[in-house]
Amino acid sequence: MGKVTGFMEYERIEEGYKPVPERLKNYKEFVIGLDDTQAKTQAARCMDCGTPFCNNGCPVNNIIPDFNDLVYQADWQTAIDVLHSTNNFPEFTGRICPAPCEAACVLNVNDDAVGIKSIEHAIIDRAWAEGWVKPQPAKHKTGKKIAVVGSGPAGMAAAQQLARVGHDVTLFEKNDRVGGLLRYGIPDFKMEKSHIDRRVEQLKAEGVTIRTGVLVGALPKGSKVTNWAKETVSSAQLQAEFDAVLLSGGSEQSRDLPVPGRDLDGVHFAMEFLPQQNKVNAGDKLKNQLRADGKHVIVIGGGDTGSDCVGTSNRHGAASVTQFEVMPQPPAQENRPMTWPYWPMKLRTSSSHDEGCTREFAISTKEFIGEKGKLTGLKTVHIELKDGKMVEIPGTEKTYQADLVLLAMGFVNPVATVLDAFGIEKDARGNAKASTDFVGGYATNVPKVFAAGDVRRGQSLVVWAIREGRQAARAIDEFLMGFSDLPR
Ligand SMILES: Cc1cc2nc3c(=O)[nH]c(=O)nc-3n(C[C@H](O)[C@H](O)[C@H](O)COP(=O)(O)OP(=O)(O)OC[C@H]3O[C@@H](n4cnc5c(N)ncnc54)[C@H](O)[C@@H]3O)c2cc1C
Ligand code: SF4
C-alpha cells in the first residue's frame, strides 16, 4: 500500500479537458491526463483493500491495488507489466472505458472513488513514451493455423494472445482498417486512431497476418453495415484451411425505428454517420459525406453512440442538437448503499453533452414528417411507466423541426447471414451461442469454430471484448494443444 493515510489526506483529481470552443474546432483528443505528481497523489488514495472490489468490478480483472502502489512508488515500468498482464490494450480502456472498477471501489461507498482509469491512462501513455511497449514474438511455433474473423478489440486481443504462444494467426477484417468499432464508430476526439495503428504494428511484429478488405461469408442485400471489402472468403474455405476459427465480428445490426416516414431522406443510422467522419479524419476523400452543418439534428438514443453523434454534429457546425432518450431521466446521484459495488443508474453527462445539446427524456417518436421526400421534422409524445408498461401521456404531443435524424438506439444482434454461413446456433437474442465455461467455453456448436466479444455477448463494452478475446484465445489454445499457459 502506497500511503496509509493517503485516502484521508488527498482529494480525487479529475483529468482535465481542453476548453469547449478549442476542442470543437477539430477531432483531436482533448483530455489532459494526470502528470506524474498528480498520478502519484491519486494512487496514494488507494487503501489496498483486503477484498479489492475494484478488481472484481473490472471485466479484465486488472490488478488495481498493485499498480496503484507501483505508481505511488514511481516504479512505472513494473506498473505497466502488471497492467499488461491482464489487459492487452490499456490505452484503449484508459481512454474510453466507463470504469466499472471505480463504481466498485471501496472508497466510493462514502467518498470519491480512486481515479483508477486516470492512473491506467497515465501508466500506458508513459510506457509508450518510454519505449517499454515492445512486440513479444513467440520463441517456438506450433504450426497451428487460426483464423480470427473481425478485428475489433475482441479479435485483436485474441490474435495477440494466440500469436504470443506460437500459433499462426490470420486476422480477417471486411473494412479497410483494423479496429472494429474503435476505428469506425468511436469518434477520434474520444480516441485517436494512432493508438490502434501502433498496436497493429505490434501485432504484425508478433507474426499476425492481417487481411483487411476481406469479407468472410456474406452480408444481406442492401445491408447498411460498414463494409469496404474488396474480396470475399467463404466460411467453408476458412474451415478447410485453418485448425480453428474465432468469430469476433461484433454485433453490427443497428436497431431501427420503423415508424411512418422512416424512409425520408435525412433519417440515418448513427453507424452511417460516425464511420464516415472517422474515414475523413484518416485522410480518405468521401463523396457526399453525411454531414450536420447548419442542420437541426435530432439524435434518437441516449447512450454512448448517441452522445458520439452529438459531439460529431457539434464539430460539423449543426444549427441545433437535441438528443432523445425513451427512458425517464435518472437521478443525478445514485443511492450508494443500495447500488455499490454495482454499476449505478444515474444521470450521466458526457463531454459531448457539455459541448451543446438539449436532452429530452421519456420521449417517444411517433412519426417522421417531410416534404418532397425530405425530412423536415418529427412528431413525439412523452411517455410514462404505468402498470409495468410505457404509455403515452395525453396532451404531450409535439412536433420538432429536424433536417437530420440519427438513430442511435443500439444494436440488436450480429449480422445473421455471417453466422448462418458457418451454421452457428444462435441464442434467444440472435447472438452466436457459446458459453463462457472454464472447460469448453467460447466453442460454438460447429466443430473448431469459437465466438467472442459482441458477436457472442451482444452489444457491450471494449473492456468486455478484450476479456472475451483473451479468454477465447486460451480456450482455442487448449483445444489445439491439450493445455494452455495463457491466462484466463
Ligand atoms: C459509436 C459507438 C461508441 C462506443 N463507445 C464506447 C465507449 O466509449 N466505451 C466502450 O467501452 N465501448 C463503447 N462502444 C462499444 C464497443 O465499441 C464495442 O462493445 C466493442 O468494440 C466490441 O468489440 P468486438 O471486437 O466484439 O466487435 P467490433 O468492435 O464491432 O468489431 C467487429 C469487427 O468485425 C468485422 N467483421 C464483422 N463481420 C465480418 C465478416 N463477416 N468478415 C470480416 N470482418 C467482419 C467488423 O467490420 C468489425 O470491424 C461503442 C460502440 C459504438 C458503436
Ligand atoms: S477498491 Fe479502491 S481503495 Fe480498494 S484496492 Fe481497489 S482501488 Fe484501492
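Miscellaneous remarks
- Restricting attention to the stretch 14-68, the residues that are assigned to a helix (DSSP H, G or I) and either away from ligand 1 (no atom under 16 Å from the Cβ) or free of Cβ contacts under 8 Å to residues at least 12 places away in the same chain (or both) total 22.
- Test: residue in the stretch 440-448 that is open to solvent by 40 Å² or more (accessible area, probe 1.4 Å) and modelled with pLDDT under 95: yes
- Restricting I116, I124, I146, I96 to those that are open to solvent by 20 Å² or more (accessible area, probe 1.4 Å) and within 16 Å of ligand 1 (Cβ to nearest atom) reduces the list to I96.
- Unique match (being open to solvent by 40 Å² or more (accessible area, probe 1.4 Å) and over 27 Å from P187 (Cβ atoms)) among K28, K40: K40
- Among (1) in the same structural domain as F242 (by TED's automatic domain parsing); (2) surrounded by fewer than 17 Cβ atoms within 10 Å (Cβ to Cβ) - the single one E397 does not satisfy: (1)
- Strands (runs of 3 or more DSSP E) fully within the stretch 316-432 that include at least 1 residues being in contact with a Leu (Cβ under 8 Å, 6 or more places away or on another chain) and hydroxyl-bearing (S, T, Y): 363-371, 398-401.
- Scanning the stretch 99-113 for residues that are surrounded by 24 or more Cβ atoms within 10 Å (Cβ to Cβ) and within 16 Å of ligand 1 (Cβ to nearest atom) yields a single hit, C101.
- Residue-level check: of (1) under 21 Å from M271 (Cβ atoms); (2) part of a helix (DSSP H, G or I), Q471 misses just (1).
- Answer from D454, D403 - the residue that is open to solvent by 10 Å² or more (accessible area, probe 1.4 Å), of a type in the set (D, E) and within 11 Å of ligand 1 (Cβ to nearest atom): D454
- Test: residue in the stretch 188-210 that is closer than 21 Å to V455 by Cβ, of a type outside the set (A, V, I, L, M, F, W, C), in contact with a helix residue (DSSP H, G or I) (Cβ under 6 Å, 6 or more places away or on another chain) and part of a loop (DSSP other than H, G, I, E, B): no
- Search result, residues across the stretch 75-93 that are within 16 Å of ligand 1 (Cβ to nearest atom) and more than 12 Å from V463 (Cβ to Cβ): E91
- From L238, L181, residue being modelled with pLDDT of 95 or more, open to solvent by 10 Å² or more (accessible area, probe 1.4 Å), assigned to a helix (DSSP H, G or I) and in contact with a helix residue (DSSP H, G or I) (Cβ under 9 Å, 6 or more places away or on another chain): L181
Okay, residues lined up against (1) over 24 Å from R262 (Cα atoms); (2) within 16 Å of ligand 1 (Cβ to nearest atom):
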position	(1), (2)
N278	yes, yes
A282	yes, yes
R291	no, no
D308	no, yes
R336	yes, no
T339	yes, no
K346	yes, no
K366	no, no
G370	no, no
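- Options H296, H382, H353: the member that is in the same structural domain as R262 (by TED's automatic domain parsing) and either free of Cβ contacts under 8 Å to residues at least 24 places away in the same chain or of a type in the set (D, E, K, R) (or both): H382
The values are calculated or read from the model by the stated rules, or taken from the named source; none is laboratory data. For clarity, every value in this text was computed on a predicted model and none was experimentally measured. Neighbour counts are summed over all protein chains in view; Cβ atoms, including those assigned to glycine, are modelled from backbone coordinates with ideal geometry. These area figures cover heavy atoms from the full protein model, side chains too; ligands, DNA and RNA do not enter into them. Shrake-Rupley method; radii C 1.70, N 1.55, O 1.52, S 1.80 Å.
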